[in-house]
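The values are calculated or read from the model by the stated rules, or taken from the named source; none is laboratory data. Please read these numbers as outputs of a predicted model, since none were measured by experiment. In this analysis, Cβ positions are derived from the backbone assuming ideal geometry, glycine residues included, and neighbour counts consider all displayed protein chains. Just so you know, the surface numbers come from the protein's heavy atoms only, side chains and all, with ligands and any DNA or RNA stripped out. Shrake-Rupley method; radii C 1.70, N 1.55, O 1.52, S 1.80 Å.
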Amino acid sequence: MRDLFKNDLPDLRSVSSVIDLTALDVISPGSPGYRACARSSLIVRCHSVSDVVQVIAHAAATGRRLMPRGGGHCFVDRRPADGIVADLSGMDRIAVDDHGVAAIGAGANLATMYATLHEHGRTIPAGCGDTVGIAGLTLGGGIGLLGRQYGLTCDRLVGAQVVLADRSVVECDEHRESDLFWALRGAGGGQFGIVTEVRFATVPEPSVCRIEGSWTAGDVVQAWQDWAPGAPDGMSVNLTVQAGRATLFGASTLPPAETESLLREFTARAGVRYAIDIRLDVPYSMVKPTFSALDPDDKPRRARSEFFARTMTERTTGELLQRLTGNRRLAFTAMGGAYNRVAEEDTAFAHRGERFLLEEAGDPGDPWVDEAWSTAHAEGSGRVYPNFPDLALQDPRLAYHAGNHPRLAALKKNCDPHRLFDFPQAL
Ligand SMILES: Cc1cc2nc3c(=O)[nH]c(=O)nc-3n(C[C@H](O)[C@H](O)[C@H](O)COP(=O)(O)OP(=O)(O)OC[C@H]3O[C@@H](n4cnc5c(N)ncnc54)[C@H](O)[C@@H]3O)c2cc1C
């Protein structure tokens, strides 16, 4: 990467008239709507790359930290005290070219993205959550129901435009600023600059079998761990367990008969009756909303998570299930497949040998979340998904980035020497 950064942040700070933000869409304390949308000291809604450049210049000149915001769904509050939030929601244009490459404004959310790509008969493997931001999701990886077949969202990223701390606007891909391009694929958001556009190699949108089943007994949790992460790539089924009920849900791009036969294999292993609803020919982009009833409501909750490279012992699974009462929940997400066919050092996303992700969630203040996490952690791989940040981690660098941390830390120093972009657990 060229040395962009021997420049003038200290000088900028010393200029007497700092960059004027009044021409921009600023929400400050006292503005109508401020209370409703945020607690941070200043929010600037960016509608163009030039707005982003100006916000960065202003932040650098005034010595205020800066946080880019897309969908606003980060699990922890990274808004800098007395800093600036650059809200990108106004930059949500989406265009698909003749080669199937989608250029998506960093402010677009997943619902808009899926719906627009659907009109072109295309899609990308991406997550759930209608209002989750495409940039935030991609920068940390991007796990979803097509991921076992096509990989992480960031694995389909072919280019991005980024405004760096020195206000330079850079295009990056495999050939240009390739170090930065590597880092954007999985290190997590808000680290290196403000991404203004992400470009993806889309895939034809498949029609899938929608899968849902639910049981109150049986060996479902242990059987799922043995089976789901090793199922054929086209089969992606997750498991949510809450107060004595286990719910299997997901999608399959395999033919219906093969899908059913695989699911019968699962129920036989679990020792439960085949009570699975398969709905045929659902466009991929429309599957996830049909599972919205399974999602926890908007009530605040606390969650921790970890990747697992091996099935947990029956004893550990049993201990986790024993105290699963009230709003406590275990969510198992199948990894494997295409997620693991990329080498750990090929992208910043370092977790390429995992079988599943386990999330423990409960009411805020419920000690069970930490207890359950510790119980499971004894058999976990010690790795944590950067998009599920956890302030209680002892060594977040290792947990989020594993062997990729030294390269990421060097790049951070180079890209953002004055730490304009900073938050607890940042590189
Ligand atoms: C309801 C819900 C469903 C979810 N489902 C999934 C799922 O299916 N799969 C999955 O993998 N994850 C999922 N997640 C987790 C999600 O990927 C992360 O919370 C993600 O970071 C959210 O991005 P955001 O843009 O919405 O949030 P934000 O809070 O806006 O951003 C998250 C982080 O990225 C940074 N960032 C955002 N935009 C930019 C940008 N343009 N340039 C640089 N940095 C940026 C922010 O500074 C922040 O650090 C879900 C989360 C929720 C709340």
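Across the stretch 130-141, the number of residues qualifying as in a loop (DSSP other than H, G, I, E, B) and open to solvent by less than 10 Å² (accessible area, probe 1.4 Å) comes to 1. Note on the stretch 309-359: among residues that are open to solvent by less than 20 Å² (accessible area, probe 1.4 Å) and farther than 23 Å from Leu139 by Cα, the one that is nearest to the chain's Cα centre (by Cα) is Leu330. When Gly127, Gly144 are checked against the criterion of being touching a Cys at 6+ places or on another chain (Cβ under 9 Å), within 27 Å of Pro396 (Cα to Cα) and either open to solvent by less than 10 Å² (accessible area, probe 1.4 Å) or not hydroxyl-bearing (Ser, Thr, Tyr) (or both), a single residue qualifies: Gly144. Would you check if there is a residue in the stretch 101-124 being part of a loop (DSSP other than H, G, I, E, B) and more than 14 Å from the ligand (Cβ to nearest atom)? Checking the stretch 101-124: at least one residue is part of a loop (DSSP other than H, G, I, E, B) and more than 14 Å from the ligand (Cβ to nearest atom).
The condition of being over 16 Å from Glu306 (Cβ atoms) and β-branched (Val, Ile, Thr) holds for only one of Thr333, Thr347, Thr375, that being Thr347.
Could you check the stretch 251-260 and list, in sequence order, the residues that are open to solvent by less than 70 Å² (accessible area, probe 1.4 Å), among the small types (Gly, Ala, Ser) and free of Cβ contacts under 8 Å to residues at least 60 places away in the same chain? Hit for the stretch 251-260 is Ser252, nothing else.
Scanning the stretch 196-214 for residues that are open to solvent by less than 10 Å² (accessible area, probe 1.4 Å), within 15 Å of the ligand (Cβ to nearest atom) and not hydroxyl-bearing (Ser, Thr, Tyr) yields a count of 2.
Taking the numbered list (1) near the ligand (Cβ under 10 Å from one of its atoms); (2) farther than 16 Å from Ala350 by Cα; (3) more than 12 Å from the chain's Cα centre (by Cα) in turn, Gly147 passes all entries but (2).
Quick check, is Arg176 closer than 30 Å to Gln54 by Cβ, more than 15 Å from the ligand (Cβ to nearest atom) and assigned by TED's automatic domain parsing to the domain that holds Ala126? Here the answer is yes, as Arg176 does meet what is asked.
If only residues of the stretch 80-95 that are open to solvent by 60 Å² or more (accessible area, probe 1.4 Å) and within 16 Å of Pro424 (Cα to Cα) are counted, the one that is nearest to the ligand (Cβ to nearest atom) is Ala81. Among the residues of the stretch 150-180, which ones are open to solvent by 20 Å² or more (accessible area, probe 1.4 Å) and of a type in the set (Gly, Ala, Ser)? Correct list: Ser168, Ser178. Here Cys128 meets the list (1) hydrophobic (A, V, I, L, M, F, W, C); (2) within 8 Å of the ligand (Cβ to nearest atom); (3) more than 25 Å from Pro204 (Cβ to Cβ); (4) modelled with pLDDT under 95 almost entirely, failing just condition (3). A Cβ distance below 6 Å, combined with a sequence gap of six or more or placement on separate chains, defines the contacts here; from the stretch 133-145, residues that are over 16 Å from Arg352 (Cα atoms) reach residues that are among the hydrophobic types (A, V, I, L, M, F, W, C) and within 6 Å of the ligand (Cβ to nearest atom) in the pairs Ala135/Ala106; Ala135/Val195.
Test Met91 against the criterion of being part of a loop (DSSP other than H, G, I, E, B) and more than 20 Å from Leu152 (Cα to Cα), and give yes or no. Criteria met by Met91.
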